[in-house]
1. If amide hydrogens are placed 1.01 Å from N in the peptide plane, which non-local residues have theirs closer than 5 Å to the one on SER8?
2. Treat each spin label as a single point 7 Å out from the Cα along the C-beta direction, and report the MET272 to MET243 distance in nm.
3. Need one word for the range 55-130: rounded, prolate or oblate. Basis is the Cα gyration tensor (sqrt eigenvalues a ≥ b ≥ c); a/c below 1.5 gives rounded, then a/b vs b/c decides.
4. What is the sum of charges around ASP151, taking Lys and Arg as +1, Asp and Glu as -1, for the other residues whose C-beta is under 15 Å from the C-beta of ASP151?
5. Once every DSSP H run of n ≥ 4 in the chain is given -39500 (n - 2.57) and the sum is divided by its residues, what mean residue ellipticity at 222 nm do you get, rounded to the nearest 500 deg cm²/dmol?
6. How many angstrom lie between the C-alpha centres of the range 97-161 and the range 316-377?
7. Taking square-rooted eigenvalues a ≥ b ≥ c of the alpha carbon gyration tensor, is the range 172-300 rounded, prolate or oblate, where a/c under 1.5 means rounded and, failing that, a/b exceeding b/c means prolate?
8. If Lys and Arg each add +1 and Asp and Glu each add -1, what is the summed charge of the other residues whose beta carbon sits under 13 Å from the beta carbon of MET303?
Amino acid sequence: MHRVAISSTGLFTPPYTITNAELVASFNQYVALQNAGHADAIAAGTYTALTESNVEFIEKASGIQRRYVMEKSGVLDPTRMRPRFAPRADNELSMMAEIGVKAAQEALSRAGKTAADVDGLICAAANMQRPYPAMGVEIQTALGINGYAFDMNVACSSATFALELAFNAVRTGSARAVLVVNPEITSAHLAWKDRDCHFIFGDVCTAILVERLDLAPAGAFELLGTKLFSSFSNNIRNNQGFMSRAEDRDPDDRDQLFRQEGRKVFKEVCPMAAEHIETHLCSLGLTPQGVRRFWLHQANLSMNQFIGRKLLGRDATPDEAPVILNEFANTASAGSIIAFHRHHADFVPGDVGVICSFGAGYSIGSAIVKRLSPARV
Ligand SMILES: CC(C)(COP(=O)(O)OP(=O)(O)OC[C@H]1O[C@@H](n2cnc3c(N)ncnc32)[C@H](O)[C@@H]1OP(=O)(O)O)[C@@H](O)C(=O)NCCC(=O)NCCS
């Protein structure tokens, strides 16, 4: 078996930002239009008036202050409330592949590597823009990787589940290096008309270069181990799929988009994630107290505070459990990878960290890493 490293990461940040103030202003315009259009039905008691959203609630309930999106005008148009994407021809790079290539190129250049050093690529994300051919193969070919690629989806845990596959491919010798790419265009699955969740998601793409340790650059992180868990739950669900048209569904039907029982998710997933991390650490002879940093999934600030407290028996400091969701919102599988990408440069040799994601499925994935030699990643 080979020892395995995370050689580098890459981050693509979309061109547009939507602040909570902008989001709430357009949502409240939508509410006013709907209520005016249904004034008679509201007066007759046959239609429930919609309620406004507000910035204070969003910041207090989630910690989110803004989000990046691939397209802004359609989302903020109160008569549309979804992004406006131009269809692309079959011979053009698809949007998921385009941002995947950008994040992957950054990861390769940070490690001083090229496509010739990579044997496989996994496109792992919570949504796929088409069933086939795989976006992974499109990204692989655009980058010039001679090998294999595929797509996989485990919702918010897609990146960590893909990390385990990459880890196994490299340690067993079937690949020298595997790129894990997470293009998350969550703006297209979000119910922007639903006050309970319209603030939750943002778009982004991350990439992780998983490589044989003896080939990795100085300053790489050794991947000590990965651990996956899943258990079925309907509390985060999206029914959109290839059978929707056979069911005569409207793409705007509420169940054809992201929906969740937020309170139940919070209550059920937080203790499971904390226990998962502790068990994983223990299996490698480590304890939470010995961990320098937890790069946690970025769905909700209070969730991460709860998990930090459960693991450490006290509040985790922002240095121990960095937050990026204030800037990015929930970026599905990319959140914990953005946290790692932004907050690892200060690690010294011997420092240990945990990447952990959790989400629909339910699914939980963790990767334990250790800084090896002076920083260059
Ligand atoms: C989604 C989440 C932020 C909502 O926070 P919450 O505190 O659970 O809020 P609730 O949905 O219970 O709503 C609390 C109140 O605020 C109101 N409210 C909901 N959305 C609102 C909004 N946008 N603006 C103002 N008020 C709002 C509700 O109507 C409710 O009012 P009530 O008490 O009078 O009934 C939170 O449950 C969460 O983050 N859960 C974790 C799950 C998650 O993020 N999953 C993502 C996939 S991994």
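1. For SER8, the qualifying residues are LEU209.
2. 2.3 nm
3. On the way: a/c = 2.94, a/b = 1.55, b/c = 1.90.
Note, shape of the range 55-130 comes out oblate.
4. Details: positive: ARG130; negative: GLU138, GLU184.
Local charge sum for ASP151: -1.
5. The per-residue figure over the chain is -10000 deg cm²/dmol.
6. Centre-to-centre (Cα) distance: 20 Å.
7. Details: a/c = 2.37, a/b = 1.63, b/c = 1.45.
Judged from the Cα gyration tensor, the range 172-300 comes out prolate (a/c at least 1.5, a/b above b/c).
8. On the way: positive: ARG263, LYS264, LYS267, ARG309, LYS310; negative: GLU268.
Overall, the nearby charge balance is +4.
The values are calculated or read from the model by the stated rules, or taken from the named source; none is laboratory data. No experiment lies behind these values; they were computed from the predicted model shown. Positions of Cβ are generated from backbone atoms using ideal geometry, with glycine treated the same way; all protein chains shown enter the neighbour counts. What goes into the accessible areas is simple: the full protein's heavy atoms, side chains included, and nothing from ligands, DNA or RNA. Shrake-Rupley method; radii C 1.70, N 1.55, O 1.52, S 1.80 Å.
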